[in-house]
1. What do you reckon, is GLU332 acidic (Asp, Glu), assigned by TED's automatic domain parsing to the domain that holds THR447 and within 15 Å of ASP304 (Cβ to Cβ)?
2. State whether the residues of the range 151-163 include one that is open to solvent by 10 Å² or more (accessible area, probe 1.4 Å), modelled with pLDDT of 95 or more, within 16 Å of ligand 1 (Cβ to nearest atom) and in a loop (DSSP other than H, G, I, E, B).
3. In the range 444-461, is there at least one residue being farther than 24 Å from PRO252 by Cβ and not assigned by TED's automatic domain parsing to the domain that holds GLY398?
4. Out of the residues in the range 406-421 that are under 13 Å from LYS448 (Cβ atoms) and assigned to a loop (DSSP other than H, G, I, E, B), which is most open to solvent (accessible area, probe 1.4 Å)?
5. Scan the range 305-338 for residues that are touching a residue at least 12 places away in the same chain (Cβ under 8 Å), among the small types (Gly, Ala, Ser) and more than 16 Å from ligand 1 (Cβ to nearest atom) and jot them down.
6. Look at the range 71-90 and say how many of its residues are at pLDDT below 95 and under 16 Å from GLU9 (Cα atoms).
7. Which residue pairs have Cβ atoms closer than 8 Å, lie 6 or more positions apart in sequence or on different chains, and pair a first residue in the range 33-51 that is in the same structural domain as ASP89 (by TED's automatic domain parsing) and of a type in the set (S, T, N, Q) with a second residue that is in a loop (DSSP other than H, G, I, E, B) and surrounded by fewer than 19 Cβ atoms within 10 Å (Cβ to Cβ)?
Amino acid sequence: MEIIHVSAECYPVAKAGGLGDVVGALPKYQNELGHIAKVVMPMYRTKFLLNNEWDVVHKGRSNMGDYWFDYTIIKERSNKLGFDLYLVDINGLLDREKIYGYDDDAERFTGFQIAVVDWISQWVHKPDVVHVHDYHAGLIPFMMKHCYKYQHLHSIPSVLTIHNAQYQGVMGWDKSYLLPPWDSWKWGMLDWRGNINPLASGIKCAWKVNTVSPSYMGELRQSSNGLEDLFEYEKGKCTGILNGIDAAVWDPATDTYLEEHFTAETAKEGKAKNKKKLCDTFNLDPEKPLIVFIGRLVGEKGADILPASISDSFYYIGRKMNFLILGSGFPEVESQLSSLQRIAQNDYNVYIGYNEALSHLMYAGADYLLMPSRVEPCGLNQMYAMRYGTIPMVRRTGGLKDTVKDFGEPGGYGIVYNWAAIGDITQGIWRAVDLYDDKEKVDEIRTKMMLLDFSWQKSVSEYTLLYESLKN
Ligand code: ADP
Ligand code: GLC
């Protein structure tokens, strides 16, 4: 089958979080299974763009109301990612350094989607599936069905994968002029509670919708930033497919970011060397358990309660552990985490910012990975951690619930707590410190985790079944 993935992120081209990891891996594994999977994304001004060679495959012109724009589709020449990668260049709109966070993001992503649909509409053949990811591509199913110019695409099946329903791309109806002329009887297919809601539109118009874990799908009907009724109404076409991890990139035996490699058999020594390196760099004590957090410092991840959980742990448990935090996000959380350093030198450190290499070293060298997420559609960090022999300490929600089993349960291997609350986190830390002294148990858990299979193969088969269910 020919599958066109449309996304705002794709690793290693541009990544802000797990969306990038997934779109950089899923097509590769789909191709290994014999599909023809391609990725289309905006052309940001990234290192990957500058360091690779490109061919121009299409030039077109379109408009958002009175604003006419030229767009160019370029294709990476070597196919080194394991799939055809296409970038959409719209001068002045997409060619910026950051992926998100501009005042004109509504215009940027609408322009991107128009260019993608306009380009596909000119293909001689048609793909078997257009697979859109998150709200940045959520208007495409609507455009393929209800924009006059593109209605000949209406018979191409579309799938929407929701990686995060918190972000919906809501814009006022005053922005409706941005869209190519559409059948105004269908305004309800764009609207949610008085606004244009690209994510809601995708849910309504895509042929199938999935989230990135089964549990998250269920949770969205209870709590989804205003879309609860819609998820309930559309539940017939919604499913949950758990993400995999790219086992070729995330392998402690070959990871190019690591100097000290290890396998399940050599994990004890291998992890100790990586831990030493981390502790030397960040002035921590390698004798104590090392608990790390890696991620966006936002409410969803429970980052706002990290500072209090850490200081409470020092107070109630004592200086029996080290913490190392890597992340960026809300400025007040960043500054609280930074100021903790003044009171807890030698046991605590923080790196504010994004650092891919450091994240790999942390997965490899840490004893525990803390994820007190309030919402976690899938979560990749806990799966990376387990592959690197690091015990996840997670809140029982979404994909965390689907991937981590508490070590107190038969066959379990992680630390799981019920609430993103300071007391629950502190208790989890207390259990981690206690477990650390039982070296035999830790070894047993580590081996068990490292041998778990979180590879993409199973999820790819589930996506294939989903696409096949849409065949005309
Ligand atoms: P989300 O997509 O919600 O941020 P995921 O768990 O799916 O969460 O994926 C997060 C990805 O981003 C992982 O690959 C993680 O290692 C990476 N990541 C997050 N923050 C940072 C950071 N500050 N530096 C390096 N990598 C990060
Ligand atoms: C989102 C979610 C995260 C998920 C990722 C990849 O960013 O927040 O839980 O793992 O997408 O699907």
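The values are calculated or read from the model by the stated rules, or taken from the named source; none is laboratory data. Since the structure is predicted, the reported quantities are computational estimates derived from the model, not experimental observations. Glycine gets a Cβ as well: all are built from the backbone with ideal geometry, and neighbour counts include every protein chain shown. Only protein heavy atoms, including side chains, enter the accessible area calculation; ligands, DNA and RNA are left aside. Shrake-Rupley method; radii C 1.70, N 1.55, O 1.52, S 1.80 Å.
1. Judged against the criteria, GLU332 is a match.
2. Yes, the conditions are met somewhere in the range 151-163.
3. Yes, the conditions are met somewhere in the range 444-461.
4. Restricting to residues being under 13 Å from LYS448 (Cβ atoms) and assigned to a loop (DSSP other than H, G, I, E, B), the top hit is PRO410.
5. ALA308, SER309, SER311, SER313
6. Selection size over the range 71-90: 0.
7. As it stands, the answer is THR46/GLU97, since those pairs meet every condition given.
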